[in-house]
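Below you'll find the structure, written out as structure tokens, and then a few comments.
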Amino acid sequence: MAGAAAPAWAQDSNGTPKTASEAQPVRAPSGNIIVTSQAFETKRTALPVQVLSGDELVHRRQGGLGETLAGLPGVHLDSFGGGASRPVIRGQTLPRIEILSDGANLFDVSSISPDHAITTDPLLLDAIEIQRGPAAIRYGGNATNGAINLIDSKVPKVMPEGGMSGAAEIRYGTGDHEKSGVGRFTVGLGSNVAIHAEGALRRADNYDVPDSFGTDRLRDSFAESGSYAFGASWITFKGYFGAAYSRVDNEYGLPGHSHANSACHGDYYFDRLEFHCRPHGSIGYNVTTPDELTAFIRLRSERVDVRGDYDDLLPGLAHLRLRGSYTDYNHDEIDGSTLFARFTNEVWDGRMELTHQPLFGFTGTLGVQYTDATFSGLDLNAIHRPPTDRVGFSGTLQRKTENVGVFLSEARSLGNVDVEIAARKDWRTIRTPIPGPFFANLTPQNEAYYIGAYGPDWRPALEADQRTYWSEGNPDLKHDPFSASFGVTWNVQPSVALALALAHTERGPSVRELFADGVNLATNSYELGLTKSPADFLWDEFPIDFAPSMPDLMEETDSINLTLRKVGGPLEFEVGLFYQDVSDYIFARLIQSNDENGVRANMLAYTAADGEFSGIDGQVSYQFAPAHRLTLFGDYVDTELKSMDDNLPRISPGRLGARYDLMAGSISGGVEYYHTFEQDKVASYETATSGYDMVNATLAYSFDTGRIQGFELYLRGSNLLNELAFVHTSFVRDQSPLRGRNVVIGARYAF
């Protein structure tokens, strides 16, 4: 079915490729069949892992990944209207969570700003694996707090049963007039080749919000998307090798946008800084379009994936895993008819993993990854205004990142105890090349000045000086993080395990954390990165001992995760405790605020402080009859800044909930309630966020078609109490409440 989980690939001893019906599936604790991607070795991992698949995934899907996963234990939402939403795991979101596509990094610009969408369509996913805790050993420092693996079928792994399979689904949402359709088709050519095609379309208007917000619909919360992919694989009894082309097109609104603060800047007066947002002199408003017009993002991402998994390629080599991709991403930020920003990201990425046969009792994987990325768009919010009367280089500023990573993991069983160790080393270089050819748009008076300084042939000399100045001001930045982990799992009983994981992870700063230097209209802030020397000025509001610039900073985290889980039988549970001690935690700290234009703007400087994170998350379920199951779930995160008198911003509040599930023949469904508590432990530029109650329900009916898969009708209601709910983790909390009452009606068919 569209969105239902696909079975895992498995080997057949007689030498013929497995079909979808013959492959042995892996089942999640909920009983749903899931895909085994080898991204997370769920049988051994000492970290909490949850799989969203099958009917549960189909019924929970929203337009964005964050909305789809919100409500799962330990997972909250960073919301930005109906088009962009990012998951928050254990109080943190991107760039401390890695988003993966079948075990390979997903490259977009969602980590740069909260209004940037994650380039995936949940309608086309088979399963989503959520790992809470440090996954950095395999995927690098950006997975310090977890990883989310998106499983799809665009590269076929198995031959379709009977030579052909497919699915289709349509759905309609009452709260935003959502109209969605998805289709997929896989066909076998001969005995070893399978081809696949899929596509999805979604159109949604501004979504309903409770009248107490002041309006019944959230302006500019609309979202439209289209996705499709074509892939093919060569499949044998030992594995597969294939490739796919995919494309995602999104257009979505930016609720609560304002240009009132597009002229914000800092003026330096003798020994202090004054942050204000009124234009003067050469400083004007970057965007002058009336706020009444719609601001939106138009996004396109094209990607080519090469994937392969192969067993017993050489003696001693149990498994070879290949993942390669090329991503060409761009999006325009448009206000009315004015293009004010453009982001691009072109990335080549490849990784190879070799798993050896048991050696001295150990089974392990050695891997290498190479990434070459070219990114542009940071602080570019006046692309519609050509430069006048100045000297410089024409073209868009780019940041070129080259990264090489090597990782190793080893595991073995010692009776009823499983032990795993892993390490990864990265070498990352960020370069800032000269943007383009030299130009000089000068008034006659300024040109006379340069003639006097350099002579009649002043242009070459001035260009040479500018190139030297650029090179000195933009040196290569190198970060070489190292991460290591140790985990032990005690299998107390065949169905009960207690797991302990210790990890040291290192993360280099992101591009925004390093280079931000201007207005971010999405967050109503003026931001300064770690390379911008903010402490060269004596600001009354800023501690004098703040480092003048920190381009070489490395965020280091020592963590402990303790997980108790039971799978099988009427009672099942998984509960995780965690503690993180972070040195040089990078975050945007408030310097000054200004509300002279009626909309508050914050001046933020990325800085580092020592901090702690601790908490608990998990769920306990009991099947008190064959058709009835009750689940209790919840999560809580506590943070502490040890070296500053402040709190960290946008930390998710605590939450408790219960869910009842029914499975009675052709009828299935459930009711879910959870309470999100007030968050009153806030940063200096935040206010407390009230708690709220959320009630969701699902009802589905499956028609017996004489096949394993068939036809289903379903209803999914969310926020049935029509609660006005604001999420503390969102940058636009006050402008963008959660959806009001919404009911999705869907029908799906598979063959």
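A few points about this structure:
- In the range 627-649, the residue that is farthest from residue 79 (Cα to Cα) out of those that are in contact (Cβ under 8 Å) with a residue 24 or more places away in the chain and not in a strand (DSSP E or B) is 627.
Table: residues versus (1) over 30 Å from residue 157 (Cα atoms); (2) open to solvent by less than 50 Å² (accessible area, probe 1.4 Å); (3) part of a strand (DSSP E or B); (4) of a type outside the set (D, E, K, R).
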site: 297; (1), (2), (3), (4): yes, yes, yes, yes
site: 305; (1), (2), (3), (4): no, yes, yes, no
site: 308; (1), (2), (3), (4): no, yes, yes, yes
site: 326; (1), (2), (3), (4): no, no, yes, yes
site: 331; (1), (2), (3), (4): yes, yes, yes, yes
site: 334; (1), (2), (3), (4): yes, yes, yes, yes
site: 343; (1), (2), (3), (4): yes, yes, yes, yes
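- Residues in the range 417-428 that are surrounded by fewer than 16 Cβ atoms within 10 Å (Cβ to Cβ) and touching a residue at least 60 places away in the same chain (Cβ under 8 Å): 417 alone.
- Scanning the range 531-545 for residues that are crowded, with 17+ Cβ neighbours inside 10 Å and either of a type outside the set (A, V, I, L, M) or at pLDDT 95 or above (or both) yields 531, 532, 534, 539, 542.
- Inspection of the range 41-53 identifies at least one residue that is open to solvent by 10 Å² or more (accessible area, probe 1.4 Å) and within 29 Å of residue 372 (Cα to Cα).
- Options 605, 601; residue that is at pLDDT below 90 and touching a Lys or Arg at 6+ places or on another chain (Cβ under 7 Å): 605
- All of 521, 528, 498, 502 fail the test of being open to solvent by 20 Å² or more (accessible area, probe 1.4 Å) and under 30 Å from residue 266 (Cα atoms), apart from 521.
- Candidate set: the range 176-227, residues that are within 19 Å of residue 300 (Cβ to Cβ) and acidic (Asp, Glu); chosen: the one surrounded by the most Cβ atoms within 10 Å (Cβ to Cβ): 198
- Where a residue in the range 198-217 is free of Cβ contacts under 8 Å to residues at least 40 places away in the same chain and its partner, wherever it lies, is open to solvent by 40 Å² or more (accessible area, probe 1.4 Å) and of a type in the set (A, V, I, L, M), with Cβ under 9 Å and at least six apart: 211/724
- Of all residues in the range 55-76, those satisfying the criterion of being over 15 Å from the mean Cα position of the chain (by Cα), under 19 Å from residue 182 (Cα atoms) and open to solvent by less than 10 Å² (accessible area, probe 1.4 Å) are 57, 58, 61.
- Considering 695, 671, 682, the condition of being out of contact with any strand residue (DSSP E or B) (no Cβ under 7 Å at 6 or more places or on another chain), crowded, with 16+ Cβ neighbours inside 10 Å and of a type in the set (A, V, I, L, M) is satisfied by 682 alone.
- Candidates 725, 688, 683: the one that is within 26 Å of the chain's Cα centre (by Cα) and free of Cβ contacts under 8 Å to residues at least 12 places away in the same chain is 688.
- Test: residue in the range 668-677 that is small (Gly, Ala, Ser) and assigned to a loop (DSSP other than H, G, I, E, B): no
- In the set (1) open to solvent by less than 10 Å² (accessible area, probe 1.4 Å); (2) under 14 Å from the mean Cα position of the chain (by Cα), the condition left unmet by residue 142 is number (1).
Table: residues versus (1) out of contact with any helix residue (DSSP H, G or I) (no Cβ under 7 Å at 6 or more places or on another chain); (2) at pLDDT below 95; (3) hydrophobic (A, V, I, L, M, F, W, C); (4) more than 30 Å from residue 604 (Cα to Cα).
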residue	(1), (2), (3), (4)
691	yes, no, no, no
696	yes, no, no, yes
701	yes, no, no, yes
719	yes, no, no, yes
722	yes, no, no, yes
732	yes, yes, yes, no
735	yes, yes, no, no
741	yes, no, no, yes
750	yes, yes, yes, yes
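- Exclusive hit being under 10 Å from the mean Cα position of the chain (by Cα) and touching a residue at least 12 places away in the same chain (Cβ under 8 Å), set 123, 106: 106
- Residue check, residue 253 within 25 Å of the chain's Cα centre (by Cα) and either open to solvent by less than 20 Å² (accessible area, probe 1.4 Å) or of a type outside the set (Ser, Thr, Tyr) (or both): yes
- Meets criteria (in a strand (DSSP E or B), open to solvent by 10 Å² or more (accessible area, probe 1.4 Å) and among the polar types (S, T, N, Q)) for residue 246: yes
- Search result, residues across the range 705-717 that are over 15 Å from residue 748 (Cβ atoms) and either modelled with pLDDT under 95 or part of a loop (DSSP other than H, G, I, E, B) (or both): 706
- Any chance residue 354 is open to solvent by 50 Å² or more (accessible area, probe 1.4 Å) and hydrophobic (A, V, I, L, M, F, W, C): yes
- The single residue among 652, 621, 614 that is assigned to a loop (DSSP other than H, G, I, E, B) and polar (S, T, N, Q) turns out to be 652.
- Note on the range 440-493: residues that are among the hydroxyl-bearing types (Ser, Thr, Tyr) and open to solvent by 60 Å² or more (accessible area, probe 1.4 Å) total 5.
- Selection over the range 93-110 of residues that are over 19 Å from residue 138 (Cα atoms) and open to solvent by 10 Å² or more (accessible area, probe 1.4 Å) gives a count of 1.
- Among residues of the range 336-359 that are under 13 Å from residue 371 (Cβ atoms), those with a beta-carbon under 8 Å from a residue that is outside any strand (DSSP E or B) at least six positions away or on a different chain give the pairs 345/107; 345/108; 345/109; 347/107; 349/107.
- Taking the conditions (1) open to solvent by less than 20 Å² (accessible area, probe 1.4 Å); (2) among the polar types (S, T, N, Q); (3) assigned to a helix (DSSP H, G or I) in turn, residue 149 satisfies each one other than (3).
- Members of the range 397-416 that are farther than 24 Å from residue 343 by Cβ and either open to solvent by less than 40 Å² (accessible area, probe 1.4 Å) or not β-branched (Val, Ile, Thr) (or both): 405, 407, 408, 409, 410, 411, 412, 413, 414, 415, 416
The values are calculated or read from the model by the stated rules, or taken from the named source; none is laboratory data. Note that the structure is a prediction, hence the values are computed from the model and not measured. Methodologically, a virtual Cβ is constructed for each residue, glycine included, from the backbone with ideal geometry; neighbour enumeration extends over all protein chains shown. Calculation scope for accessible area: heavy atoms of the full protein, side chains included, ligands and nucleic acids excluded. Shrake-Rupley method; radii C 1.70, N 1.55, O 1.52, S 1.80 Å.
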